[in-house]
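Below is one structure, written out as structure tokens, with a few remarks after it.
Each value in this text was obtained by applying a stated rule to the coordinates, not by laboratory testing. Given the structure is predicted, the values throughout are model-derived calculations rather than measurements. Here the Cβ is made from the backbone with ideal geometry for all residues, glycine too, and neighbour counts use every protein chain on show.
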Amino acid sequence: MNHHVTVLEIDGKALEHNLEYFKQKLHQETKILAVVKAFGYGSDGVQIAKFLEKKVAYFAVAYTHEGVALREAGIQTPILVLHPQIPNLELMLSYCLEPNLYHFKIANAFLKIAKENSLSDYPIHLKFNTGLNRLGFSESDIPEVLAFFKNTKQLKIQSLFSHLAVSEDLEEQKFTENQIGLFTHIVEEFKKHLDYTPIFHLLNTSGVLNYPRAQFDMVRIGIGLYGFGNDPIETKQLKNTHNLKSIISQIHSIELGQTVGYNRAFVAKKKTLVATIPIGHADGISRKLGNQKGNVLIQNQKAKIIGNVCMDMIMVDVTKIECTEGDEVTVFNSQQMIQEIADIATTIPYETLTGISQRVHKIFKQ
Ligand SMILES: *Cc1c(COP(=O)(O)O)cnc(C)c1O
């Protein structure tokens with residue numbers, strides 16, 4: 001067996017707590033779609049989906065192969081693929097994955113495949129662009145989209161959705177209100193002209209927190225499940241799901257003037273104890289954390305990362321910490337630590353979490 005020492009522990013209890021937190025913010029009948037793309041935000045999408053399978057209505061992933069992985073693990077919940085690619089559409093059928101059709105090119109390609117396979121009422125999802133300008137039909141496409149689906153028995157609009165651009169920022173409330181208004185108009189048009197009613201959904205995590213009145217029939221929660229709200233107050237109500245741990249591999253005692261790591265970036269100003277930790281930038285530790293910018297916890301005390309972050313290792317200053325080789329190291333175990341790391345790396349917790357690489361062993365704790 002491969003004994004990894006650097007481990008990301010995923011806290012199932014925290015995940016459940018976070019899901020409940022969002023549930024109690026929503027109407028009882030509002031469905032929850034759990035976003036488990038990018039390996040469950042850098043953790044283990046399969047384990048997360050297994051854990052949430054009975055608790056949510058839908059899963060979403062970004063790409064087809066992410067959905068395939070869930071199906072191969074036995075997940076039976078409906079899966080929306082947010083950004084399918086035309087060459088993968090055929091594969092989606094064999095895995096019962098439901099594509100987001102965001103323009104006529106992909107809608108026509110999928111309809112062709114649906115006809116070849118004699119499908120009827122295969123669930124698809126329609127995305128409308130209401131201001132993010134990333135993926136989606138535009139408002140002016142509505143008549144043509146309606147006509148397209150009036151004439152197709154092969155496909156059924158399971159849901160219709162859009163995505164907010166700046167839902168976390170209340171200074172941009174006007175922009176978001178516009179998006180909500182436009183989406184409401186699109187919803188009305190489809191309600192008026194379709195003889196069945198799709199699921200309508202607009203909100204992501206920060207959308208739920210800031211604009212719950214726009215929850216429609218379903219909400220898509222990603223980062224919130226993993227412990228992050230819009231601000232520190234909201235985040236405090238949530239629990240941290242991702243705990244990144246390692247151990248001390250070796251401790252060196254170096255003298256004044258000796259250096260540590262590549263480019264000799266750290267120069268000892270006095271006798272210094274240096275601990276080597278088996279986690280590096282290939283595991284998702286940004287090089288921006290090097291050179292005393294970031295730290296880890298050893299025996300509950302902060303140990304600064306000294307020198308440059310290597311691909312597979314970091315070195316930390318443990319001069320003032322009583323510790324030995326083999327001791328546990330916490331890279332992060334709270335949202336606050338993740339936020340600090342993100343700040344130092346001039347990024348956001350989304351990137352800090354999803355950056356945790358596949359090499360890091362993942363352990364799901366119920
Ligand atoms: C990633 C994604 C989400 C989840 O967003 P969070 O901010 O993590 O809740 C929801 N909808 C779409 C379309 C996405 O791409």
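Annotations
- The chain: antiparallel DSSP beta bridges as a percent of all, rounded to 5: 45
- Multiplying the residue separation of residue 65 and residue 234 by 0.36 nm and subtracting their alpha-carbon distance yields 57.5 nm.
- Relative contact order [Cα under 8 Å, 6+ residues apart], the stretch 198-306, whole percent: 15
- Globularity index of the stretch 186-240, i.e. its alpha-carbon radius of gyration over 2.2 N^0.38 Å: 1.43
- Charge tally in the Cβ shell below 15 Å around residue 238, where Lys, Arg are +1 and Asp, Glu are -1, residue 238 excluded: -1
- Candidate aspartates and glutamates for bridging to residue 239, where Cα separation is under 13 Å - those fewer than 8 sequence places away on the same chain excluded: 11, 16, 20
- Cα convex hull of the stretch 141-271 - mean projected area over all directions, nm²: 15.3
- For the stretch 231-296, the list of trypsin sites (Lys or Arg not before Pro) that fall in a loop by DSSP and count at most 13 other C-beta atoms within 10 angstrom reads 269, 270, 271.
- Seen from residue 32, the other residues with C-beta closer than 13 Å to its C-beta sum to a net charge of +1, counting Lys and Arg as +1 and Asp and Glu as -1.
- For the chain, the spread of Cα positions along each principal axis, largest first, Å: 79, 46, 36
- Relative contact order for the chain: 19 percent, from Cα pairs under 8 Å spaced at least 6 residues apart, divided by residue count.
- Cross-link table 31/112; 245/288; 245/304; 54/236; 127/192, entries beyond 23 Å C-alpha to C-alpha: 31/112; 54/236
- Ratio of Rg to Rh over the stretch 12-228 (Cα coordinates, Kirkwood Rh, two decimals): 0.95
- The alpha carbon centroids of the stretch 293-316 and the stretch 74-105 are separated by 42 Å.
- The stretch 194-215 and the stretch 40-68: distance between their alpha carbon centers, rounded to Å: 20
- Counted charge near residue 279, where neighbours are those whose Cβ lies closer than 10 Å (Asp, Glu -1; Lys, Arg +1): 0
- Label-to-label distance, nm, for residues given as residue 170 and residue 184 (7 Å Cα→Cβ offset): 2.0
- In terms of its C-alpha gyration tensor, the stretch 242-365 has a prolate overall shape, because the principal axis ratio a/c (a ≥ b ≥ c, square roots of the eigenvalues) is not below 1.5 and a/b outweighs b/c.
- Whichever aspartates and glutamates have a C-alpha closer than 18 Å to that of residue 105, once near sequence neighbours (fewer than 8 apart) are set aside: 90, 116, 139, 141, 144
- Dipole of the chain, positive end: most advanced residue of 357, 222, 314 [Cβ charges, Cα centre]: 314
- The alpha carbons of the stretch 295-357 occupy a box of 33, 24, 18 Å along the principal axes, longest dimension given first.
- Backbone N atoms of the stretch 171-185 closer than 18 Å to the 7 Å Cα→Cβ label point of residue 138 belong to residues 178-185.
- Dipole orientation for the chain: of the candidates 345, 91, 291, 291 has the Cα lying most toward the positive pole (charges on Cβ; Lys, Arg +1; Asp, Glu -1).
- Cα→Cβ-extended label distance, 7 Å offset, between residue 147 and residue 265, nm: 6.0
- Here r is the Cβ-Cβ distance between residue 24 and residue 256 and R0 is 51 Å; the resulting FRET efficiency, rounded to 0.05, is 0.30.
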